[in-house]
Amino acid sequence: QVQLAESGGGLVQVGDSLRLSCAASGHTFSNSGMAWFRQAPGKEREFVAAINWIGTTYSGDSVKGRFAISRDNAKNTVFLQMNSLKPEDTAVYYCAASYRGPTYFAAAAYAYWGQGTQVTVSS
């Protein structure tokens, strides 16, 4: 059974940093694209960042220059380093795995999802 477990969320102040982790079990994703999405109350799920199997990364416009995705294939884990956090970054952050195309930016492109971790940025 494939499971994605996110961790690292919490309540922070504007300008702070957080590092989210997503540990996968039940399947090795070293040859697969993985991604982070987020969803704020009343809004649609939004693409945050993705990383393909060779380490090429993609970021959403709203987080470019502030967030960075990385992966540790030996640990079957993907990370999201979030810097210079803003109140508009407040959302539930979801890990996604097993990219199946055609675009990294669409939620439908991923087969597996975690339960999410809450990030709240207070001003």
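The values are calculated or read from the model by the stated rules, or taken from the named source; none is laboratory data. Just so it is clear, the structure is predicted and the values come from calculations on it, not from any experiment. Quick reminder, even Gly has a Cβ in these numbers, built from the backbone with ideal geometry, and neighbours come from all protein chains shown. Protein only, heavy atoms only, side chains kept; ligands, DNA and RNA dropped before computing areas. Shrake-Rupley method; radii C 1.70, N 1.55, O 1.52, S 1.80 Å.
Assorted remarks:
- The numbered conditions (1) under 24 Å from residue 3 (Cα atoms); (2) among the hydroxyl-bearing types (Ser, Thr, Tyr); (3) part of a loop (DSSP other than H, G, I, E, B) are all true for residue 62 except (1).
- All strands (runs of 3 or more DSSP E) inside the range 69-123 with 2 or more residues being at pLDDT 95 or above and under 15 Å from residue 56 (Cα atoms): 77-82
- Among residues of the range 90-123 being touching a residue at least 40 places away in the same chain (Cβ under 8 Å) and farther than 22 Å from residue 24 by Cβ, the one that is least open to solvent (accessible area, probe 1.4 Å) is 121.
- Positions within the range 63-80 being among the aliphatic types (A, V, I, L, M), open to solvent by less than 70 Å² (accessible area, probe 1.4 Å) and under 22 Å from residue 31 (Cβ atoms), in sequence order: 68, 69, 78, 80
- Here 60, 33 are screened, and the one residue that is within 17 Å of residue 96 (Cβ to Cβ) and crowded, with 19+ Cβ neighbours inside 10 Å is 33.
- Checking the stated criteria, residue 10 turns out to be more than 22 Å from residue 105 (Cα to Cα), surrounded by fewer than 16 Cβ atoms within 10 Å (Cβ to Cβ) and either within 15 Å of the chain's Cα centre (by Cα) or at pLDDT 95 or above (or both).
- Within the range 16-30, being in a loop (DSSP other than H, G, I, E, B) and open to solvent by 50 Å² or more (accessible area, probe 1.4 Å) holds for 16, 17, 26, 27, 28.
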